[in-house]
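One structure is given below, encoded as structure tokens.
The values are calculated or read from the model by the stated rules, or taken from the named source; none is laboratory data. Keep in mind it's a predicted model, so treat the numbers as computed, not measured. Counting neighbours? That spans all protein chains shown, and the Cβs are built from the backbone with ideal geometry, glycine included. Accessible surface areas use protein heavy atoms only, side chains included; no ligands, DNA or RNA. Shrake-Rupley method; radii C 1.70, N 1.55, O 1.52, S 1.80 Å.
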Amino acid sequence: METSGAMVRRERMLLCMAALLVLLGGVVMAGWFLHLPELTRIVPHLRGMVFNTALCFVLLGIALYPRPAPAIGARRLSLLLGLLVLTLAGLNLLQLRLGLELGLDWPALHAWADDGNPHPGRMALPPTLGFLLASASLLLALLEKLRGAWRAPLGHLLAAAVLMLGAVSVL
């Protein structure tokens, strides 16, 4: 059982992570709307983070924001946002793997950035997989009915997969 000090530290860490995700995504989204490439990319000669990637960061940040325990509406909001990210990432994976055009990419918003992206606004495979895993982890953590011996190990496995995917995509 967690001590009150450990719970406070965990909640503060969660709040910081949520705020960083919302800040990162919000800055990049502002960069796209304001046509400021400096806000959409870390290194000038690389492609910028596409709008949908930034949007998924914001949605997950809001979903992770710690709320009082009895806030049932807040839990439902987190579930809804997690499902939204899972759906967006899943549809993007279909676009990537099947060559579909589902109209998710905001091409008009990305038209001003001539960064050589063959599908302007399309999320790349690593962030797509990362958002699939992250949203699945979030949903697994939020679904109370999934109590059982496999819930915690599966959650740890999904979290480890997100970390490994991030490490591989940086290399």
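Only one of the listed residues (Leu20, Leu93, Leu55) is surrounded by 16 or more Cβ atoms within 10 Å (Cβ to Cβ) and within 12 Å of the chain's Cα centre (by Cα). That residue is Leu55.
Annotation: Val162 fulfils all but one of (1) at pLDDT below 70; (2) surrounded by fewer than 16 Cβ atoms within 10 Å (Cβ to Cβ); (3) in a helix (DSSP H, G or I); the unmet one is (2). Restricting region 99-132 to residues that are of a type in the set (A, V, I, L, M, F, W, C) and more than 19 Å from Gly31 (Cα to Cα) leaves a set whose member that is least open to solvent (accessible area, probe 1.4 Å) is Phe131. Contact annotation: no residue pair with Cβ atoms under 8 Å, 6 or more positions apart or on different chains, pairs a residue in region 1-29 that is within 29 Å of Thr40 (Cα to Cα) and without any contact (Cβ under 8 Å) to a residue 24 or more places away in the chain with a partner that is assigned to a helix (DSSP H, G or I) and open to solvent by 100 Å² or more (accessible area, probe 1.4 Å). Within the bounds of region 68-80, is there any residue that is surrounded by fewer than 19 Cβ atoms within 10 Å (Cβ to Cβ), of a type outside the set (Ser, Thr, Tyr), touching a Leu at 6+ places or on another chain (Cβ under 8 Å) and under 26 Å from Leu138 (Cα atoms)? Yes, there is a match, as at least one residue in region 68-80 is surrounded by fewer than 19 Cβ atoms within 10 Å (Cβ to Cβ), of a type outside the set (Ser, Thr, Tyr), touching a Leu at 6+ places or on another chain (Cβ under 8 Å) and under 26 Å from Leu138 (Cα atoms).
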